[in-house]
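The block underneath contains the structure these notes are about, expressed in structure tokens.
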Amino acid sequence: MSPRDAQATKARILRTAVVEFAQHGYSGGRIERIARDGETNVRMIYAYFGNKDGLFDAALTSAIQSMAAAVPPRPEDLPAWAGDLFDYHQREPAALRINMWAQLERPQAASEPLESYLAKISALADVGAPPLTVVDLLVLIYAMSQAWYLTPVGLLKADGSDPEDPERIKAHRQAVVAAVTRFAGPS
């Protein structure tokens, strides 16, 4: 019998929880599914995370920290950073989805991890230009880079085009980069 690797088990549970909560939210997420898909048992989940709240909060933090590590702020090129965020949300939708579920079902968890946002504010400290503050810039960049993925599909189809068409997605990404260039200035 091989020795148990607690860190590997905890990491596997966390990865599985991110997927589960991103798909089903806090209320729809099932600890039993996470245990099964994470190749562990419910007892281990509670041992590592305390309860469902603790597991959801850890999954949310993990998803946001993964995004922050994959797409760090680029104060020298905010338009390109906005494009990178857009691409990340297309490639890895779990971070955006779990954050939306947190906003709806556990707003107290969605206020964290503050450290991640403070690090971004600090990285962009010299970029803010009146009348926009650094926080204003972050909010606008995040809103634009996420908008395509949060817009109702009916609206995206209203002009008769397919919102899944790669050329349409590419055009929207270019529009995001162009908009950030207009309000944040060129690279």
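Bear in mind these aren't lab numbers, they're just calculated from the coordinates by the rules spelled out. Being a predicted model, the structure only gives us computed values, none of them experimental. Methodologically, a virtual Cβ is constructed for each residue, glycine included, from the backbone with ideal geometry; neighbour enumeration extends over all protein chains shown.
Given the rule -39500 (n - 2.57) for each run of at least 4 DSSP H residues, summed and divided by the residues of the chain, what is its mean residue ellipticity at 222 nm, to the nearest 500 deg cm²/dmol?
Numbers: 11 runs with 137 residues, N = 187.
Computed mean residue ellipticity for the chain: -23000 deg cm²/dmol.
Please report Arg91, Arg173 as a ranked list, fewest other C-beta atoms within 10 angstrom at the top and most at the bottom.
On the way: Arg91 8, Arg173 19.
By the 10 Å Cβ count, ascending, the order reads Arg91, Arg173.
Counting other C-beta atoms within 10 Å, which of Val71, Val135, Val153 has the fewest, and how do the rest follow? Walk me through the numbers on the way to the answer.
Details: Val71 20, Val135 13, Val153 9.
Listed from fewest to most nearby Cβ atoms, that is Val153, Val135, Val71.
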Review point. With each label point set 7 Å from Cα along the Cα-Cβ vector, what nm distance links Gln65 and Asp87?
Key: 2.5
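What does the charge add up to near Lys170, with Lys and Arg as +1, Asp and Glu as -1, over the other residues with Cβ less than 15 Å from its Cβ? Kindly include the intermediate steps, with their values, before the conclusion.
Numbers: positive: Arg91, Arg168, Arg173; negative: Asp84, Asp87, Asp162, Glu164, Asp165, Glu167.
Counting the neighbours of Lys170, the net charge comes to -3.
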**Study point:** Extension gain from Ala175 to Ser122, taking 0.36 nm per residue of separation minus the Cα-Cα distance
**Key:** 16.4 nm
Check your understanding: Top mean-square fluctuation among Ala143, Ala63, Ala47, Gaussian network model of the chain, C-alpha springs under 10 Å?
Key -> Ala47
Check your understanding: Cα atoms only, the chain: Rg and Dmax in Å?
Key -> 18.7, 64
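Taking 0.36 nm per residue of sequence separation and subtracting the Cα-Cα distance, how much length would be gained by fully extending the chain between Tyr142 and Tyr48, in nm to one decimal?
Numbers: separation 94, 0.36 × 94 = 33.84 nm, distance 3.20 nm.
Between Tyr142 and Tyr48, full extension yields an extra 30.6 nm.
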Exercise for review: Any chance you could count the Lys pairs in the chain whose alpha carbons are under 29 Å apart, treating pairs 8 or more apart or on different chains as valid?
Suggested key: 5
